[in-house]
Amino acid sequence: MAPQGNLSNGAVSYSANSPGTGSTYKTTYLVLKRVDPGTFMMGDASHVSSPFHTVTLTKVFYLGVYEVTQQQ
């Protein structure tokens, strides 16, 4: 499967679709998912230390889909 999206230099790729399980992306590429600006609720109603609160993202950013490995 070739990297898809608008970010790709061989080591980092942006993919609109998840590469799926068993893919070499999971260990050899840093796969990023685009997160668009918006507002959402974050927290846990059952824990006093982390109650629900509103979070607003003002800029687009990219978040790693998998954990980072030493190989990456």
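The values are calculated or read from the model by the stated rules, or taken from the named source; none is laboratory data. Since the model is a prediction, treat every value here as computed from it, not as a measurement. We place every Cβ from the backbone using ideal geometry, glycine too, and count neighbours over all the protein chains shown. The protein model used for the area step is the full one, side chains on, heavy atoms only, and it has no ligands, DNA or RNA in it. Shrake-Rupley method; radii C 1.70, N 1.55, O 1.52, S 1.80 Å.
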Neighbours by Cβ (under 7 Å, 6+ apart or cross-chain): first from segment 29-40, small (Gly, Ala, Ser); second open to solvent by less than 70 Å² (accessible area, probe 1.4 Å) and in a strand (DSSP E or B): Gly38/Leu57
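Tell me the strands (runs of 3 or more DSSP E) entirely within the chain that contain at least 1 residues that are modelled with pLDDT of 60 or more. Walk me through how you get there before you give the answer.
Numbers: elements: 12-14, 30-35, 38-42, 53-57, 61-64.
Where strands (runs of 3 or more DSSP E) fall fully within the chain and carry at least 1 residues being modelled with pLDDT of 60 or more, they are 30-35, 38-42, 53-57, 61-64.
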